[in-house]
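The values are calculated or read from the model by the stated rules, or taken from the named source; none is laboratory data. Since the model is a prediction, treat every value here as computed from it, not as a measurement. No Cβ is skipped: glycine too gets one built from the backbone with ideal geometry, and neighbour counts run over all protein chains shown.
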Amino acid sequence: MKRESFVELFIEKIVTKVKISSFVMGLISLVLLSSSNVVFAHAALTKAEPARRAVLTASPKQVRLWFNEEIEADYASLSLHDANGKALTEKKPLVHPDDAKSIYLELPELIGGQYTVKFRVLSVDGHVVDSEYKFTVKNK
Ligand SMILES: [Cu+2]
């Protein structure tokens, strides 16, 4: 065997090892990714009405939130606050009768101003999802 082919063989072995290890790494990251998907399967907000940063010309009757999983009403909170942080209703959110993945809060008549929706829900996996967003009601 010539010296050259030794080198070629050696290089070929390294290339094969690299290929195998990148395959293994790929497999490991795939497993990690899919398991982390399970771990991070929290309730996520998929839709909101009024929407984030919405500018409304009339007072909304309710705030309604949609999630990617069913919501336990006993462990859910949803509140609306004015620009001073004051809660506008003492009412509790209810699970929508037509959709267990959706909760709503009935609202009093709102005057013009900026409002903050605050919500906190418990996922099926036990994680708490806590967030807030704002919308505006224009002065008449
Ligand atoms: Cu989670």
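Yes or no: the stretch 46-62 includes at least one residue that is in the same structural domain as Leu110 (by TED's automatic domain parsing), more than 16 Å from the ligand (Cβ to nearest atom), at pLDDT 95 or above and of a type in the set (Asp, Glu). For the stretch 46-62, residues in the same structural domain as Leu110 (by TED's automatic domain parsing), more than 16 Å from the ligand (Cβ to nearest atom), at pLDDT 95 or above and of a type in the set (Asp, Glu): present. Listed by position, the strands (runs of 3 or more DSSP E) enclosed by the stretch 78-140 that each have at least 3 residues that are without any contact (Cβ under 8 Å) to a residue 60 or more places away in the chain and away from the ligand (no atom under 16 Å from the Cβ) are 94-96, 99-106, 113-122.
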